[in-house]
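To keep things clear, I will list the structure first and then write my remarks on it.
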Amino acid sequence: MSATRTVDVRVDYVSRVEGHGNIVVTARNGEVDDVRFEVTEPPRFFEAMLRGRPFDQAPLITSRICGICSNGHVLAAITAVEDAMGIVPSDQTMLLRRLLLWGEIIQSHVLHAYFLVAPDFFGVGSVVPLVETHPEVVKRALRLKKLGNHICDVVGGRAVHQVSATIGGFTRLPTPEQLRELDRSLAEAQTDLAATIELFAGLELPAFERATEYLSLESSADYAFFGDTIFSSQGGTTPVRSYREKVREHVVPHSSAKHCASDAGAFMVGALARVNNGYSRLSEGARQAAVALDLCPPVSNPFKNTTAQVVETVHCVEEARAVIATLLETGLRSEPPDPAPRAGRGTGAVEVPRGTLYHEYAIDEEGRITDANLIIPTGQNLANLEADMWAFAPYLIPLGTEKAQHTLEMLVRAYDPCISCSTHVIDLTESGKEVQR
Amino acid sequence: MDGPLRPTKRPRLALFELASCAGCQLQILNCEDELVDLLQLVEFVYFKEAISETGNEYDIALIEGAVTREADETRLRAIRERAPLVITLGACAHPVGIPGLKNAHDSEEPGRLVYGDAAGYFPSTLARPVDAIIPVDAHIPGCPIHKDEFLSVVTALLVGRRPPIPGYPVCVECRLAENPCAFDRGALCLGPVTRAGCGALCPSYGSRCYGCRGPADDPNVSSFEALLEKNGLNAEDVLAEYVLYNGYRALGDQALTMEVSR
């Protein structure tokens with residue numbers, strides 16, 4: 001009987017991602033035996049915590065699911081509560097909501113591309129050594145990140161956990177002076193954006209491809225960040241209100257995390273899915289960036305999620321300028337939100353940095369939340385990430401454990417997982433024992 | 001804890017995360033204008049969200065998040081043994097923040113609602129602040145922390161001063177900002193009993209204070225009670241709001257009793 005050769009690839013606590021996850025790959029005699037991306041974050045129980053709270057606290061509470069995409073949660077919660085209570089937001093409100101979302105997307109994408117992903121390509125463990133070796137790269141990253149936060153400051157009062165967007169509108173509006181000043185900052189970002197495209201176009205991403213289903217919101221008007229329809233790259237659309245039919249959560253035996261599947265199985269959401277599905281609706285500069293970054297659809301290399309984020313950063317900057325121009329032209333009107341409680345059930349979906357975010361609430365006559373369901377982009381991507389790991393691992397194992405570990409870490413990072421976000425349904429179990437660090 | 005804090009030279013910082021949204025550590029990364037200088041003054045030896053390399057020797061432990069598992073307690077005790085200074089970041093770590101909302105439910109209900117029949121696989125304890133487990137040297141309050149306050153605390157620690165966190169209530173800053181009082185439009189505002197330092201941000205944006213920075217040192221309770229009475233509000237109304245961020249202090253003892261008696 002020949003000896004069994006077992007290769008274990010294990011990365012405890014993948015760094016430079018938001019939250020706590022482990023990679024486990026086992027191969028026996030060259031055959032990949034097991035693949036897991038374990039999530040070991042504390043349980044959060046947001047759906048339960050929302051029960052009994054007043055409807056207008058849904059955005060406040062759910063934004064605390066995640067500091068990085070807090071505005072995304074605010075906007076999904078608002079959209080869902082408004083759907084439940086039959087409130088239709090004004091055009092001005094929708095323009096301001098777009099700005100608030102785009103500010104967050106710029107901030108989040110820049111943080112991910114420069115701080116979390118780029119160090120791998122410079123051969124360092126973080127952005128810190130780059131302060132000495134590539135100060136211009138670090139300073140550019142900080143300027144662009146600040147630009148995203150600046151938009152959120154102007155519209156929402158602060159970048160993390162904004163304080164002005166609420167059910168029915170905004171409790172405070174930006175001044176025309178603030179908007180003009182913001183527009184100047186956006187205009188000045190052109191040089192930094194061009195340098196960013198150049199930097200990321202020059203990175204040699206692992207050449208791995210695996211066709212999958214890409215899901216994103218669809219809108220007839222624009223590159224959709226808000227919308228009532230879910231679009232699939234494999235054809236077909238689903239109304240957002242029927243999201244449970246398209247995006248089905250299930251428990252998998254090897255993981256404490258709930259995974260998601262559509263009819264076709266694992267699917268991907270996020271920047272790459274959106275660029276694949278909405279390429280023709282990108283702003284002109286963003287389409288040029290996509291060409292420079294070799295991102296003309298269909299793209300099936302998940303590592304390109306990061307370059308898709310660069311494309312979206314360009315899009316959001318350009319579109320933010322267009323929205324500011326519209327707001328300044330029409331003038332900002334005071335529209336104090338004054339929503340009256342009404343019983344109902346509603347759903348809201350928003351494209352947030354990492355993909356489609358679904359919120360659903362039931363509200364009673366007194367305006368109390370009686371039921372809540374939240375489906376987070378990272379949770380939707382977990383099954384697809386593992387499918388990629390299954391497909392990629394056989395090619396990585398022969399390269400040695402260290403190389404395999406590092407490349408798989410890069411793959412996890414490419415998805416930009418936001419693990420704190422997904423832990424409203426995830427817990428640490430024995431499989432992910434907390435190691436004393 | 002009282003008494004002067006020891007000054008340290010280029011202190012090594014370690015950032016640990018418990019149950020939280022990571023928004024407070026993001027606020028550190030959001031110090032875009034100061035980050036390059038900050039990295040000259042301090043060394044981050046453990047900051048998993050931003051840095052791959054990890055070190056086990058540190059001078060200051062920064063802790064974000066609430067305690068929700070037994071494993072968190074073990075981890076905190078080990079950190080306390082290593083760290084000369086332990087500083088909490090944000091409302092989850094103190095007074096307990098949004099994770100404390102869970103405490104309003106009986107301890108099994110949240111798991112059952114989220115996980116259904118599989119709830120038994122997802123043990124979770126009462127949400128508690130860090131100082132319910134280990135002594136803490138200073139709290140940087142807020143949901144999230146304000147980056148200027150973070151920088152001023154780091155500066156204070158570098159020169160061996162006690163961090164400058166105000167003890168007076170939010171109302172002081174709100175009046176300075178010349179905001180109309182939220183009570184005048186019929187809202188219940190926790191500004192009179194909540195620690196200032198946020199510049200009364202939420203009331204300044206047409207909202208009201210939800211109490212994210214925890215209780216002020218010496219709030220004028222009788223004047224708050226008078227204000228409530230004048231507006232037809234009672235202690236129950238206040239408690240319903242107060243549990244949003246202060247669910248350990250408000251409900252903790254009661255829930256603990258339930259847990260122990262089980």
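The values are calculated or read from the model by the stated rules, or taken from the named source; none is laboratory data. All of these numbers come straight from a predicted model, not from anything done at the bench. A quick note on method: Cβ atoms are made from the backbone with ideal geometry, for glycine too, and the neighbour counts reach across all protein chains shown.
Points worth noting:
- Evaluation of residue A:288 against the conditions (1) under 19 Å from residue A:101 (Cβ atoms); (2) surrounded by fewer than 24 Cβ atoms within 10 Å (Cβ to Cβ) shows that the sole unmet condition is (1).
- Options A:216, A:242; residue that is more than 14 Å from chain B (Cβ to nearest Cβ), crowded, with 22+ Cβ neighbours inside 10 Å and outside any loop (DSSP other than H, G, I, E, B): A:216
- 1 or more residues within 14 Å of another protein chain (Cβ to nearest Cβ): qualifying helices (runs of 4 or more DSSP H) within the range B:136-251: B:147-158, B:170-176, B:201-204
- Residue in the range A:139-188 that is surrounded by the most Cβ atoms within 10 Å (Cβ to Cβ), counting only those that are β-branched (Val, Ile, Thr) and assigned to a loop (DSSP other than H, G, I, E, B): A:160
- Taken as a whole, the structure leaves residue A:383 outside the set of residues that are closer than 29 Å to residue A:62 by Cα and assigned to a strand (DSSP E or B).
- Any hit, the range B:20-39, residues being touching a strand residue (DSSP E or B) at 6+ places or on another chain (Cβ under 6 Å), of a type in the set (Ser, Thr, Tyr) and part of a loop (DSSP other than H, G, I, E, B): yes
- Candidates are the residues of the range B:63-80 that are modelled with pLDDT under 95 and part of a loop (DSSP other than H, G, I, E, B); the one that is surrounded by the fewest Cβ atoms within 10 Å (Cβ to Cβ) is B:69.
- Subset of the range B:173-186 [hydrophobic (A, V, I, L, M, F, W, C) and surrounded by fewer than 15 Cβ atoms within 10 Å (Cβ to Cβ)]: B:176, B:177
- Residues in the range A:349-366 that are surrounded by fewer than 19 Cβ atoms within 10 Å (Cβ to Cβ) and not in a strand (DSSP E or B): A:364, A:365, A:366.
- Any hit, the range B:40-48, residues being outside any strand (DSSP E or B), facing chain A (nearest Cβ under 7 Å), out of contact with any strand residue (DSSP E or B) (no Cβ under 7 Å at 6 or more places or on another chain) and buried (at least 17 other Cβ atoms within 10 Å of the Cβ): yes
- The range B:151-192, subset in contact (Cβ under 8 Å) with a residue 60 or more places away in the chain and among the β-branched types (Val, Ile, Thr), residue nearest to residue B:229 (Cα to Cα): B:153
- Residue A:307 being buried (at least 18 other Cβ atoms within 10 Å of the Cβ), under 16 Å from the mean Cα position of the chain (by Cα) and modelled with pLDDT of 95 or more: yes
- In this entry, residue A:31 is excluded by the filter for residues that are closer than 26 Å to residue B:125 by Cα, of a type in the set (Asp, Glu), over 18 Å from the mean Cα position of the chain (by Cα) and modelled with pLDDT under 95.
- Lone unmet requirement of (1) in contact with a helix residue (DSSP H, G or I) (Cβ under 7 Å, 6 or more places away or on another chain); (2) at pLDDT 90 or above; (3) crowded, with 17+ Cβ neighbours inside 10 Å for residue B:241: (1)
- Residue among A:131, A:160 that is at pLDDT below 95 and of a type in the set (Val, Ile, Thr): A:131
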